[in-house]
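Taking it in order: structure first as structure tokens, then the write-up.
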Amino acid sequence: MDTPNRTAVTLAPGAGEALWCVGSLTTVKASAEQTAGAYAIIEDHAPKGAGTPLHRHQQDDEAFYVLEGELTFFFADREPFPASAGTFVHIPGGTVHAFQVDSATARYLIITTPHHLAFYRAMSEPALTRAIPLEAPLDMAMIGAACEAYGVEGVESPLGTDTLEADTPQR
């Protein structure tokens, strides 16, 4: 039996693979290659209004740890949950959820599966700078293809409105 590569990984502040992902600066802090496939960690720096429509991914758990700023998390079966620095939110695979940045900007860690990191990469482009990208229209074809390829399913909101608004920054 092969033993996976299990060496220590260290990153300086601001280091890691930098991506522009749906209006946010996404920095990969730990990839499948670095964790022998155990998990992945990304750090997002996102502007006010960034977030996701209601969605679910059956196969991938996701956890958030808020470093700076304020977000609101939404779930199909409970009241919105406000989250400020120090808040932790775990979302099991299959859970209908969404989130939105409420402060001017927010920084948060996302701990997830290597499969879900591949989804983030599929709807990203290499960052040209280590800053939140300038506002630009979302590439809905790229996002839709990534969702289809990685099993991320949009869900109707409880109010019956479409959850994929083309003019809202979403992940």
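Go through 33, 70, 43 for me and flag whichever is out of contact with any strand residue (DSSP E or B) (no Cβ under 9 Å at 6 or more places or on another chain) and more than 26 Å from residue 141 (Cβ to Cβ).
Working: 70 fails: out of contact with any strand residue (DSSP E or B) (no Cβ under 9 Å at 6 or more places or on another chain); 43 fails: out of contact with any strand residue (DSSP E or B) (no Cβ under 9 Å at 6 or more places or on another chain).
Among 33, 70, 43, only 33 is out of contact with any strand residue (DSSP E or B) (no Cβ under 9 Å at 6 or more places or on another chain) and more than 26 Å from residue 141 (Cβ to Cβ).
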Failed condition for residue 146, given (1) in a strand (DSSP E or B); (2) aliphatic (A, V, I, L, M); (3) surrounded by 19 or more Cβ atoms within 10 Å (Cβ to Cβ)
(1)
Test residue 131 against the stated conditions and say whether it is open to solvent by less than 50 Å² (accessible area, probe 1.4 Å), over 15 Å from residue 57 (Cα atoms) and either at pLDDT 85 or above or not in a loop (DSSP other than H, G, I, E, B) (or both).
yes
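Would you check if residue 63 is in contact with a His (Cβ under 9 Å, 6 or more places away or on another chain), closer than 26 Å to residue 142 by Cβ, modelled with pLDDT of 95 or more and part of a strand (DSSP E or B)?
Taking the combined requirement at face value, the residue satisfies it.
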On the basis of being modelled with pLDDT under 95 and more than 24 Å from residue 130 (Cα to Cα), does residue 90 make the cut?
no
Quick check on my filter: what residues within segment 38-60 are in a loop (DSSP other than H, G, I, E, B) and touching a Lys or Arg at 6+ places or on another chain (Cβ under 6 Å)?
52
Matching residues in segment 102-123 (part of a strand (DSSP E or B) and either under 16 Å from residue 63 (Cα atoms) or within 11 Å of the chain's Cα centre (by Cα) (or both)) number 7
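For segment 80-94, give me each residue that is open to solvent by 40 Å² or more (accessible area, probe 1.4 Å) and on the phi < 0 side of the Ramachandran plot. Don't jump to the end; show me each part of the working.
Within segment 80-94, the first condition is being open to solvent by 40 Å² or more (accessible area, probe 1.4 Å), and the residues that meet it are 80-82, 84-86, 88, 90, 92.
80, 81, 82, 84, 85, 88, 90, 92 - these are the residues of segment 80-94 that are open to solvent by 40 Å² or more (accessible area, probe 1.4 Å) and on the phi < 0 side of the Ramachandran plot.
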Across segment 36-57, what is the number of residues that are under 16 Å from residue 109 (Cα atoms) and either open to solvent by 50 Å² or more (accessible area, probe 1.4 Å) or in contact with a helix residue (DSSP H, G or I) (Cβ under 8 Å, 6 or more places away or on another chain) (or both)?
4
Which numbered condition in (1) open to solvent by 10 Å² or more (accessible area, probe 1.4 Å); (2) over 26 Å from residue 144 (Cβ atoms); (3) not aromatic (Phe, Trp, Tyr) is the only one that residue 66 fails?
(1)
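Listed here are the residues, each with its yes/no results for (1) at pLDDT 95 or above; (2) basic (Lys, Arg).
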position: 6; (1), (2): no, yes
position: 9; (1), (2): no, no
position: 16; (1), (2): yes, no
position: 23; (1), (2): no, no
position: 35; (1), (2): no, no
position: 46; (1), (2): yes, no
position: 57; (1), (2): no, no
position: 70; (1), (2): yes, no
position: 78; (1), (2): no, yes
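If you scan segment 1-34, which residues turn out to be of a type in the set (S, T, N, Q) and without any contact (Cβ under 8 Å) to a residue 24 or more places away in the chain?
Taking segment 1-34 as the starting set, the residues that turn out to be of a type in the set (S, T, N, Q) are 3, 5, 7, 10, 24, 26-27, 31, 34.
Across segment 1-34, the qualifying residues are 3, 7, 10.
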For segment 99-113, give me each residue that is open to solvent by less than 60 Å² (accessible area, probe 1.4 Å) and among the small types (Gly, Ala, Ser).
103, 106
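The values are calculated or read from the model by the stated rules, or taken from the named source; none is laboratory data. Owing to the predicted nature of the structure, the values given are computational and were not obtained by experimental measurement. Positions of Cβ are backbone-derived with ideal geometry, glycine not excepted, and every protein chain shown enters the neighbour counts. Heads up: the accessible areas ignore ligands, DNA and RNA and are worked out on the full protein's heavy atoms, side chains in. Shrake-Rupley method; radii C 1.70, N 1.55, O 1.52, S 1.80 Å.
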